[in-house]
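The values are calculated or read from the model by the stated rules, or taken from the named source; none is laboratory data. Keep in mind that this is a model prediction, so the values were computed, not measured. A quick note on method: Cβ atoms are made from the backbone with ideal geometry, for glycine too, and the neighbour counts reach across all protein chains shown. In case anyone asks, the SASA skips ligands and DNA or RNA and just uses the protein heavy atoms, side chains included. Shrake-Rupley method; radii C 1.70, N 1.55, O 1.52, S 1.80 Å.
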Amino acid sequence: MKNPPDINFIPAFHMRDLCPRTPDTNPIRPKKRAKHKLEMRKEAAQEWRIIMFKTFKKTISLAMSLILSAASISLYGCSTQDIRNITEKNDSSITQEYSYSQTGNTAFNEYTDNLFCEIVTDDTLSLHTLLEHPENYGINDYNITLGRIDTESLYDTSDITQYITELKAFDKNSLSQTQAVTYDYLLSYLESRLCYSDLDLYGSQLTPTIGMQIELPLIFSEYSFLEQKDVEEYLELLCDVDGYFENMLEYERLRADKGFTLKDSLLEDVISSCQSVIDSIKQENSTNRLFIDDFNSRIDALDFISDSDRQAYKKRNIEAVQKHVIPGYEALRDGLTLLKGTCRYQDGISSYPDGQRYFEGLLEQTLGWSKSIDEYSSLLESYMRNYLIVMRKLIQKNPSLTDAFSSYSFGTSNPQDIIEELKQKMSDDYPALDDIDYSIKYVSEALCDYASPAMYFMPQLDNPDINSIYINKTGTTDSYIYPTLAHEGYPGHMYQTQYFLKTNPCLIRSLIKPGGYVEGWASYIEVHSYEYGKESPELNTLAKCNYALILCLHAMGDIGVNYYGWDEARLSSFLSNWGYSDVDTAHSIYTALIANPGNYCKYVLGFIGFEELKKQAQNDLGSNFSLKEFHRYILEMGPVQFDILFSYLKQWENSLVVVSSRAA
């Protein structure tokens, strides 16, 4: 593969320091039970809402009697050409004209609901995160477990091929338009997962910043106690932490056998974060012990248990922490320490055997956009040049903007005030939504050095009024708090989540969500939040373009390191060409890129995907284009792949024209 051309534009002024933090996100799962990671949404941690990667259970089939045909897709990895052929076939299916059913297909709803129930019961943490009363959804029998990786069947894809066959058995003409969208996005997701399933060992749950060892305390702290059953299940789950981590270690040993372990410096960061959790639990005379003090406070607030039960639960919690949580973290720490020196590939994922294909798969599964990596690179380069041109023109017209930018401020750093202000200012650009109940919380000091800057925890589907936004005081400065809360709250993750829930989507749509849509939307919001700043329009535009340019630089670095094979010196040279010559910054970014390949691309290319979609709608509609209605289209479609957003765009445009004609 060729390297993208060097870009020789050098900013004539030094803007805000390049930010080496991980952009809000990524992929975590409170378990990795079996082999195939279905990207799930538990809006929770990781940069922090939770994007879960779940797995299909091969041992349980849906209640459908379809036979797997010989024409099914190969069980193992496809080539790049194979996935493009699949994508082309899907595109043809999406763009083909269908006479949608007005009543929909009841059997299709049963299929997707059964799929939801099967996947969500793989682990109780996922189940409780999504449902307070699973019995109301026909889920009555499930094991209390954090889940396990089926390490003996990592490459058995029979479950996925079965689901594809069952899905294709439906006549698309029998589906309503809403069902057709679900059909398209499920088929695209399943076929992409199947195509890259042979590379699952390349990924790890244990990484700096967004690893499960950091996220688990946060997820447990958000485990809602609305009835006594919740407390009982919570305590049972705590007793599974040691077994859960042992299973993760078993998986990491398999990775080590292939030489896929994190390089030692990154592994040490993971080990240190484990020790930090242990130290927090063991500290004396503290009111901020992970797994203990927050639990005690929440138990004290419950009005449906007796005082004797309250004390008994506190005692059981401490016993579970001492016998299972601490030993689990200690075993994880010690087990990872033994894996030092086993990494054979010290650079980006492109240095792995078939690493470029793995990176292609990451973008295919998160974005679902029919573009090659070279095309993504060219698109990023185009946006970077355009942002720089706008910035230069602003400075040339008004040189004082350079000094004004150094003290740029949104005028407030109070989280509640910011969210309320955003709710008011967004009203002209985004559809209205009833007020949302939410709470602002702060990351425990024990995790501040490791956790992401902020995170949104999604509410349960049957209890949508509990929304939590966590802020990491160490990772989020006053200058970033405004766009960060736009990203996490209004009109970002919290707003998007609640808006889509109001459309009453089928259950599976709340479980499997393409990360490029979810994080791309929030990043799109974050960039445009600068338009709501209290400074002059020119200075707000300068700040917006600067921030967007920085995001694009990170994504270009992601592609460079993890696809084109840049080493740290090459990345440093690339950043230097753009005016960022600090070697420590380059090192921090390089480290983040090799720890989480594809993570920045998910955010940034997702953001650019929405910008490209907007350009298409503006070109098609001309003076009839409405930004608010465009956003309504995205929100009502809900999280899907970008190919689907582009494919259904014309239908939405035609519906606007019809409405406009009737009004006339």
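Quick notes on this structure:
- Ranked by the mean number of other Cβ atoms within 10 Å of their residues, highest first, the peptides 342-353, 156-167, 558-569 fall in the order 558-569, 156-167, 342-353.
- Of the GluC sites (Glu not before Pro) found in region 183-239, those in coil by DSSP whose Cβ has at most 14 other Cβ atoms within 10 Å are Glu227.
- Trypsin sites (Lys or Arg not before Pro) within region 518-579, DSSP loop, no more than 16 other Cβ atoms inside 10 Å: Lys534
- Restricting region 297-341 to trypsin sites (Lys or Arg not before Pro) in coil, as DSSP defines it, with at most 16 other Cβ within 10 Å: Lys340
- Restraint check, Lys544/Lys614; Lys371/Lys602; Lys628/Lys650; Lys441/Lys628, Cα-Cα greater than 21 Å: Lys441/Lys628
- Accessible surface of region 314-357, 1.4 Å probe: 50 percent of it comes from carbon and sulfur atoms.
- FRET efficiency, 1/(1 + (r/R0)^6) with R0 51 Å, evaluated for Glu319 and Gln346 via beta carbons: 0.75
- Protein accessible area in region 224-294, 1.4 Å probe - carbon and sulfur %: 43
- With 5 Å bins from 0: P(r) over region 122-188, alpha-carbon pairs, percent: 3, 13, 15, 12, 18, 23, 12, 3, 0
- Rounded accessible area per residue of region 601-641, 1.4 Å, Å²: 31
- Per residue, the solvent-accessible area of region 144-283 (1.4 Å probe, heavy atoms of protein chains only, all protein chains present) comes to 27 Å².
- A Förster distance of 51 Å, applied to the separation of the beta-carbon atoms of Ser573 and Tyr155, puts the FRET efficiency at 0.85.
- Extension reserve of the Asp300-Gln616 stretch, reckoned as 0.36 nm per residue once the Cα distance is removed: 108.3 nm
- Taking each residue as 0.36 nm, the span from Glu445 to Ser409 lengthens on full extension beyond its C-alpha to C-alpha distance by 10.3 nm.
- For Ala107 and Asp171, the difference between the fully extended length at 0.36 nm per residue and the C-alpha to C-alpha distance is 21.9 nm.
- In this simple spin-label approximation, Ile466 and Ser427 carry label points 7 Å from Cα along the Cα→Cβ vector, and these lie 3.2 nm apart.
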